[in-house]
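Presented below is the structure to which this report refers.
The values are calculated or read from the model by the stated rules, or taken from the named source; none is laboratory data. As the structure is a computational prediction, the values presented were derived from the model and not from experiment. Cβ placement follows ideal geometry from the backbone for every residue including glycine, while neighbour counts extend to all protein chains displayed.
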Amino acid sequence: TFNLVQLNCVWDKEIRMQGTIIELNGLRRTDVVRSFPLAIPEAIRFSRHISSALLAMQLYLPADSAGSAKVSLGDDDRIFFRGPATEVSKDLIRGFPQILRSLGALTHNALIKPLKYGGAIHYSGSFPMKLAPGPFESDKWGELHDLPGLSIIDSANFSALPAKNNSLTIMANAMRISDHVCRRLMSK
């Protein structure tokens with residue numbers, strides 16, 4: 001499902017941060033209920049009344065572009081992400097409920113949860129677009145070299161994702177490729 005509301009915010013305080021605010025109508029209620037600082041039965045009842053008014057924010061802190069992030073495959077075939085631990089200032093996070101209240105929103109400190117390293121991910125580079133694609137690459141229309149007729153329309157056909165948040169770029173690319181595929185199908 002698609003989240004209709006997306007608002008990007010930038011804060012300059014101790015460090016420069018970017019936040020993305022999205023509505024939660026596109027999420028399953030169970031994904032949201034577990035975050036409430038309530039027992040599950042009460043959280044379910046509570047969510048029925050407020051789910052249409054819920055928003056979430058993902059806050060992105062600056063990363064060291066020269067960081068030593070690693071991806072590896074364990075002996076049990078599980079993927080592991082290892083990266084530099086980012087300490088988040090408790091004072092910095094403590095100020096966010098006040099900022100959100102000034103915007104007319106209500107929140108609770110128990111709802112503020114840092115993601116694990118690698119927890120926020122957009123895939124890219126799986127099937128990168130190339131002018132002359134080879135195996136495991138796509139052309140400028142997202143069509144896979146090895147599977148003609150199959151077009152990749154998400155960020156998997158991007159060669160790289162330089163920064164957050166690329167949602168509008170990903171959507172524009174999906175619309176561009178979808179329009180091309182529709183025109184091609186209509187002409188047959």
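Inside the range 29-53, can you point out the residues that are under 17 Å from Leu106 (Cβ atoms) and of a type in the set (S, T, N, Q)? Passing the criteria: Ser35, Ser47, Ser51, Ser52. Could you list, in sequence order, all residues of the range 120-133 that are hydrophobic (A, V, I, L, M, F, W, C) and either assigned to a loop (DSSP other than H, G, I, E, B) or modelled with pLDDT under 90 (or both)? Once the filter is applied, which keeps residues that are hydrophobic (A, V, I, L, M, F, W, C) and either assigned to a loop (DSSP other than H, G, I, E, B) or modelled with pLDDT under 90 (or both), the range 120-133 yields Ala120, Ile121, Phe127, Leu131, Ala132.
When residues of the range 134-188 are filtered for being outside any helix (DSSP H, G or I) and either touching a Cys at 6+ places or on another chain (Cβ under 8 Å) or of a type in the set (S, T, N, Q) (or both), how many remain? Residues in the range 134-188 being outside any helix (DSSP H, G or I) and either touching a Cys at 6+ places or on another chain (Cβ under 8 Å) or of a type in the set (S, T, N, Q) (or both): 6 in total.
Does any residue in the range 27-54 that is under 22 Å from Leu103 (Cα atoms) come within less than 6 Å, Cβ to Cβ, of a residue that is surrounded by 12 or more Cβ atoms within 10 Å (Cβ to Cβ) and modelled with pLDDT under 85 six or more places away or on a different chain, and which pairs are these? The qualifying pairs are Val32/Leu24; Ser35/Leu111; Ser47/Arg29; Ser47/Val33; Leu54/Leu24.
Filtered by the rule that a residue be touching a strand residue (DSSP E or B) at 6+ places or on another chain (Cβ under 8 Å) and at pLDDT 75 or above, the range 153-167 gives Asn157, Phe158, Ser159. In the range 136-180, the residue that is surrounded by the most Cβ atoms within 10 Å (Cβ to Cβ) out of those that are over 30 Å from Arg16 (Cβ atoms) and among the small types (Gly, Ala, Ser) is Ser138.
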